[in-house]
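S.K.: Before we start, here is the structure in question, set down as structure tokens.
The values are calculated or read from the model by the stated rules, or taken from the named source; none is laboratory data. Quick caveat: nothing in here was measured; it's all calculated off a predicted structure. Cβ placement follows ideal geometry from the backbone for every residue including glycine, while neighbour counts extend to all protein chains displayed.
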Amino acid sequence: MAGSRFAQAEARPGTGADVRLTVGPDAAPGANTGSRTGAGASTRPPSAEETEAMNALARFLAAPPADTPPEVLRVLTLMAGDPDAPLPPRVYFETVEQAPVAISITDDKADILYVNAAFEQLTGYDRDQVIGRNQSILSNNATPSSIYQQLWRTIQSKNTWTGILVNRTRDGGDYLAELIISPVLDAGGRIRFFLGMHRDVTREHRLEADLRAQKIRSEAVLNAAPVLVVLLDAEGRIMLDNMEYKKLLGDLRGEEPARALRQALIEQAGFDPLERVLKGDGFKDVEISLLAPGSSAPRWFSCSGVAVNESDASVRGYFGAAEAGEHRLLLLANEVTARRREIDRAHLEHLRARLAEQQLSEGVREALAAASYQIEQPLNLIRAATTMFGDRDGELGLFIDHLRQISTASERALATLRAALPSEAPEAGVMVNINELLRHVLELETDRLLAAGVVIDWQPAMQLPELSGHRNQLRSLFKYLIDNALQALHESRRAQRELRLATRALDGSVEVIIQDNGPGLPAADRLKAFEPFFVGWRRRRGRAGMGLALAQEIVNQHSGTIEIDDAFDDGCRVKLVLSHTPSQE
Ligand code: FAD
């Protein structure tokens with residue numbers, strides 16, 4: 001900013017008129033510049049005498065005698081001030097004198113020519129103690145010299161300098177001065193004076209320092225908390241987070257934990273935490289799981305959300321006419337994986353026992369079903385023969401009677417067999433997480449898989465929608481398929497045995513891949529394998545050929561599909577798509 005003109009002050013002659021601006025070391029202490037108590041003295045209204053003199057001068061200048069020398073006229077005009085100016089010069093002086101900011105006018109070496117009352121009050125110096133002294137009288141030697149160098153470079157190139165200096169008052173008190181220095185140029189554009197204005201900003205500095213310290217303390221507390229903390233704005237942008245958050249960010253390989261947690265709450269708990277909190281409702285201790293990339297076990301978090309309503313920070317809100325403040329979501333997530341694993345372990349033990357029981361009863365059912373099927377076939381032939389021959393005499397009649405007796409006995413045996421079939425307990429439909437079920441089955445099968453030297457490649461989808469379904473049935477389904485893969489790997493001569501399991505979220509359903517690098521199925525058998533009693537294994541012992549037929553039935557109940565992938569020829573790849581069960585018995 002270029003310097004302002006100040007030529008008029010210099011042009012004032014030192015007459016007794018009140019329009020005089022007294023500057024410079026020659027000015028009499030307190031004369032016409034206001035004293036230390038001076039604001040009062042210098043703001044007095046003009047006396048009747050002074051007013052009369054000014055009025056007389058104005059009348060004279062309005063119609064000066066014809067012989068008045070022009071230079072006298074010029075001086076008198078200057079004394080009276082410009083009659084066309086909106087304000088008399090005295091007003092300018094009083095304004096500076098009474099301004100609430102400390103003002104000084106110096107020469108071009110910073111030697112003080114004038115200071116106002118506020119300067120006296122702030123620095124503790126009377127004006128007669130500083131006039132003629134350098135402004136450096138205020139320096140407390142704590143301001144780096146580089147700042148002064150920059151200050152001087154700026155003002156000497158006729159620009160305004162603004163900055164902060166550490167000043168010392170007359171009685172030795174330090175304060176921070178926020179300073180504006182402007183050069184004042186003469187008519188020729190040369191620097192004539194410097195105008196300095198400063199105010200004490202120590203309080204603001206302390207407040208800022210307190211705020212910074214408070215921020216550091218809050219951050220230290222936040223970072224030491226063993227809970228993930230993140231503050232989101234209404235658009236879901238991150239405003240603040242802590243160390244636990246950053247750790248999880250690393251574990252998720254750069255995926256924003258806030259996004260992953262929010263998505264998991266939507267999919268697993270059925271609500272959007274942001275929407276809920278923006279509506280004014282919080283939530284507490286909702287457990288969800290996240291799967292970090294490359295990890296086979298999910299991590300569990302207990303999440304809570306609190307609404308934080310910030311006050312309106314806009315300038316409009318200064319006088320209380322505040323808009324509704326910004327709404328934020330403070331999301332807290334406490335990792336509970338260890339506790340969850342303990343619960344899971346106990347659950348798994350229970351499952352193991354239950355599955356063994358289930359398998360036993362399914363084995364019995366399968367064997368009985370196979371036996372009754374096998375009895376049914378010859379029985380149908382006997383029934384057909386007795387119907388065909390009708391009632392006959394002689395030996396043939398005797399033979400037909402025998403056949404009828406065999407048929408009746410067989411039907412009784414068949415009825416006994418059917419009655420012996422253990423009935424299936426109806427299973428209630430619940431919301432199931434397919435990743436969790438598969439992982440449970442894998443854990444149940446771990447010992448067998450390890451003993452068979454199988455390398456498992458488990459690639460669950462990070463997020464899966466929960467499906468309504470029958471947990472036990474689905475568990476049996478996965479067990480059938482994994483058992484089949486294990487049997488196939490046993491029959492293969494491969495040195496490296498691999499089992500790959502993967503899940504993928506489709507639109508409202510879930511795809512599951514169970515793939516082994518065993519011998520695979522010939523193309524012709526890929527559909528037949530789903531028929532009852534089809535057994536393609538080399539080692540048939542203990543196999544009734546009902547596994548895939550039952551698997552198909554379970555998949556059907558979950559509105560899904562199951563197929564052996566034709567496009568895969570390096571073993572067997574079973575592809576399943578599971579949706580919600582239409583009815584939940
Ligand atoms: P100095 O040796 O006086 O100066 C330090 C450095 O400043 C020098 O190395 C040099 O680079 C530069 N410098 C000083 N004087 C000049 C000059 N005349 N020409 C070119 N470069 C120069 N200082 C304060 O500490 N507090 C104030 O409130 C304050 N108010 C000021 C108001 C005005 C209007 C002006 C013009 C200056 C003000 N100063 C103020 C600056 C002051 O004049 C001194 O420059 C400063 O205090 C450093 O003084 P010093 O004795 O510590 O060092």
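S.K.: Could you check the stretch 489-504 and list, in sequence order, the residues that are in a helix (DSSP H, G or I) and modelled with pLDDT of 90 or more? Spell out how you get there, then give the answer.
M.R.: As a first pass, look at the stretch 489-504 and keep what is in a helix (DSSP H, G or I): 489-491.
Once the filter is applied, which keeps residues that are in a helix (DSSP H, G or I) and modelled with pLDDT of 90 or more, the stretch 489-504 yields only Leu489.
Here's the yes/no breakdown for (1) touching a residue at least 60 places away in the same chain (Cβ under 8 Å); (2) in contact with a Ser or Thr (Cβ under 7 Å, 6 or more places away or on another chain); (3) among the acidic types (Asp, Glu):
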{"residue": "Arg341", "(1), (2), (3)": "no, no, no"}
{"residue": "Glu357", "(1), (2), (3)": "no, no, yes"}
{"residue": "Ala369", "(1), (2), (3)": "yes, no, no"}
{"residue": "Leu379", "(1), (2), (3)": "no, yes, no"}
{"residue": "Ile382", "(1), (2), (3)": "no, yes, no"}
{"residue": "Thr386", "(1), (2), (3)": "no, yes, no"}
{"residue": "Phe389", "(1), (2), (3)": "no, no, no"}
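S.K.: Of all the residues that make up the stretch 440-463, how many are closer than 15 Å to Ala297 by Cβ and either modelled with pLDDT under 90 or among the aliphatic types (A, V, I, L, M) (or both)?
M.R.: Looking only at that region, the number is 9.
S.K.: Could you please let me know if Asp210 is in the same structural domain as Asn141 (by TED's automatic domain parsing) and more than 12 Å from the ligand (Cβ to nearest atom)?
M.R.: So Asp210 does not fit the description; no.
S.K.: Still on this structure: Any idea which residue in the stretch 271-292 is modelled with the lowest pLDDT, counting only those that are of a type outside the set (A, V, I, L, M) and closer than 24 Å to Ala338 by Cα?
M.R.: So the residue we want is Ser289.
S.K.: Might you check whether a residue that is surrounded by 15 or more Cβ atoms within 10 Å (Cβ to Cβ), basic (Lys, Arg) and in the same structural domain as Trp152 (by TED's automatic domain parsing) occurs anywhere in the stretch 251-265?
M.R.: no
S.K.: Could you grab the pairs with beta carbons closer than 9 Å, sequence gap of 6+ or different chains, first residue in the stretch 186-201 and within 13 Å of Ser157 (Cα to Cα) and assigned to a strand (DSSP E or B), second one among the hydroxyl-bearing types (Ser, Thr, Tyr) and more than 15 Å from the ligand (Cβ to nearest atom)?
M.R.: Here the result reads none, with nothing in the stretch 186-201 linked to a residue that is among the hydroxyl-bearing types (Ser, Thr, Tyr) and more than 15 Å from the ligand (Cβ to nearest atom).
S.K.: Which one is nearest to the ligand (Cβ to nearest atom), of the residues in the stretch 145-162 that are surrounded by fewer than 16 Cβ atoms within 10 Å (Cβ to Cβ) and among the hydrophobic types (A, V, I, L, M, F, W, C)?
M.R.: Here the answer is Trp152.
S.K.: Quick one: which residue in Leu165, Leu176, Leu185, Leu195 is surrounded by 19 or more Cβ atoms within 10 Å (Cβ to Cβ) and more than 9 Å from the ligand (Cβ to nearest atom)?
M.R.: Residue meeting the stated conditions: Leu176.
S.K.: Let me ask something additional. I'd like to verify a number: residues in the stretch 124-141 that are within 9 Å of the ligand (Cβ to nearest atom) and either assigned to a loop (DSSP other than H, G, I, E, B) or charged (D, E, K, R) (or both), how many? Outline the logic, then answer.
M.R.: Initially, the stretch 124-141 is screened for residues within 9 Å of the ligand (Cβ to nearest atom), giving 134-141.
Those left that are additionally either assigned to a loop (DSSP other than H, G, I, E, B) or charged (D, E, K, R) (or both): 140-141.
Here the count works out to 2.
S.K.: Right, next: Within the stretch 221-250, track down each residue that is assigned to a helix (DSSP H, G or I) and loosely packed, with under 12 Cβ neighbours inside 10 Å.
M.R.: The answer is Val221, Ala224, Gly250.
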